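FYI, it's all coordinate maths here, none of it is from the lab. Everything numeric in this text was worked out from a predicted model, so none of it was measured. So basically every Cβ, Gly included, is an ideal-geometry build from the backbone, and we count neighbours across all protein chains shown.
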Amino acid sequence: MREVDPRRRVPRTDALLADPALTAAAGTVGRDRVKAAIVAAQHRARRGEIPPDQVRDAALADLPGRTPRPVLNATGVVLHTNLGRAPLAPAAVDALVAAAGHTDVELDLATGRRARRGREALDALAAAVPDAAAVHVVNNGAAALVLAATALAADREIVVSRGELVEIGDGFRLPDLLASTGARLREVGTTNRTSRADYAAAIGPRTGFVLKVHPSNFVVTGFTSAVSVGELATLGVPVVADIGSGLLRPDPLLPDEPDAATTLRAGAHLVTASGDKLLGGPQAGLLLGAADLVERLRRHPLARALRVDKLTLAALAATLHAPATPTGEALHADAGRLRARTERLRDRLGADGCKAEVVPVAAVVGGGGAPGVELDSWALSLPERYAVPLRTGDPAVLGRVLHGRLLLDLRAVPVGDDDRVHAAILRVAG
Ligand SMILES: *Cc1c(COP(=O)(O)O)cnc(C)c1O
């Protein structure tokens, strides 16, 4: 008997399109994409690259997966820039979802009249920092600086210490950003030392403001001196302080990290910060300070181009109302409890025949914040060969490889996700 040509057994397009999994996929990525994946898989079967009965699975595998891919952050870096910095609090996630539809973002439902856009987020920010007479929110920390430089110092000078002309990361240099606005940078002092007299000598009729930048991602030690915001405030010109992290009040865990309330109380006229670092919220740029300055920024034409969308406003308001954020919880997690969590995971894995160890490690704040701060932490230590399959799995589990071992630090993993880490490791252990 002659064998049937396998190419004749390749399933037909209409039959595949009726397959429940492919029909469901068409509902999310569109029928055209599903059809293209089917046609490509049929071609492969006709060329003999795959058996005909695998055409359906090949078409499914060819479709775009879930993006962005969720990651369990077991790196021990609380604010991991490559993982999108701060994860949102559950309440902020709910707010995001609610804001995805039509909302009252610019409407007062009681009166039926137009209302101030994002008033809930702005009111929450103002309430969180009573030292700020006014507040405004833009797209990110860089946008906050651009708006301040443009509105207050375009065609004028920004007086700034040479020790504070920093690169934040990935080639983003603050001086380039400021210069792009048309403001002229008037650099004073040296890399390691700047005095009040240096600033005073540079201030003149062309001064737009004095800028104080928190060198958030490095420390200078040794023969150094810098001028405090309090001293700068005595120079008779506006002082803009870029505090970076978005800490609103002091945190004893991070004594060297400037916060908005203290910086304003010290005399800064305007504070700029990010929303998705230590504040633990969505990407946003916070502006807090004197009412006249904030009003000038708000009314500048550029403000419209830097406006945050309704999703950000909703998530920011919810973050400011929330009693805690995942970022705050990860930072303040008790080392003893982390150890117990990690040991429990090790014991569960051991019961399933997967051998792991628990070792002390140092976690860091990350996100270009709190350099030099090390948080006592604990990690599950596995053979290095676990690293790639865990990283490429679903959910992806990202740890860090050190001396031939994969270290999984649970500090930035939500407590409720220990089961998912456990399951992911067992899948790799096979
Ligand atoms: C992070 C940071 C910025 C930039 O903020 P983005 O929100 O990333 O735009 C600016 N200045 C300092 C000091 C920072 O730490």
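Only bridges with both residues in the chain count here: give the DSSP antiparallel percent, nearest 5. If I count the DSSP bridges inside the chain, around 55 percent turn out antiparallel. Mean residue ellipticity, 222 nm, helices only, the chain: the sum of -39500 (n - 2.57) across DSSP H runs of n ≥ 4, divided by residue count and rounded to 500, is -10500 deg cm²/dmol.
Of Asp123, Asp131, Asp57, the residue with the greatest mean-square motion in the GNM of the chain, using alpha carbon springs below 10 Å, is Asp57.
Taking label positions 7 Å along the Cα-Cβ direction at both Ala98 and Ala26, the computed distance is 3.7 nm, reported to one decimal. If you run the Gaussian network model on the chain, springs between alpha carbon atoms under 10 Å, then out of Arg116, Arg156, Arg186 the most flexible one is Arg116. For region 6-62, the Kirkwood hydrodynamic radius from C-alpha pairs, put into Stokes-Einstein at 4 °C and a viscosity of 1.567 mPa s, yields a diffusion coefficient of 119 µm² per second.
Quick check: the angle from helix 31-46's long axis to the longest principal axis of the chain, C-alpha only, nearest 10 degrees? For 31-46 against the chain, the angle is about 50 degrees. Listed by Cβ neighbour count within 10 Å, with the fewest neighbours leading, Glu167, Glu157 appear as Glu167, Glu157.
Its alpha carbons give region 211-308 an Rg and a Dmax of 14.2, 44 Å. Computed as a quarter of the hull surface, the mean projected area of the alpha carbon convex hull for region 343-430 stands at 6.0 nm². Fraction of C-alpha pairs exceeding 38 angstrom in the chain: 39 percent, rounded to a whole number. Using the Cβ-Cβ distance between Arg7 and Asp176 with R0 set to 51 Å, the FRET efficiency works out to roughly 0.30. Between Val39 and Asp419, residue separation times 0.36 nm minus the direct Cα-Cα distance comes to 132.9 nm.
For Arg116, what charge total do you get from the other residues with a beta carbon under 12 Å from its beta carbon, if Lys and Arg give +1 and Asp and Glu give -1? Net local charge, Arg116 excluded: 0.
Dipole of region 21-179 computed with +1 at Lys/Arg Cβ and -1 at Asp/Glu Cβ about the Cα centre; of Leu152, Ala95, Gly30, farthest Cα towards the positive end is Gly30. Converting the Cα gyration tensor eigenvalues of region 104-201 into ellipsoid dimensions via √(5λ) gives semi-axes, longest first, of 36, 15, 13 Å. What angle, in degrees between 0 and 90 and rounded to the nearest 10, separates the Cα long axis of helix 335-351 from the longest principal axis of the Cα atoms of the chain? Once rounded, the angle reads 10 degrees. Using every pair of separate Cα atoms, the Kirkwood estimate puts the hydrodynamic radius of region 89-323 at 18.2 angstrom.
Our summary gives region 202-287 a relative contact order of 27 percent, counting only alpha carbon pairs under 8 angstrom and 6 or more residues apart.
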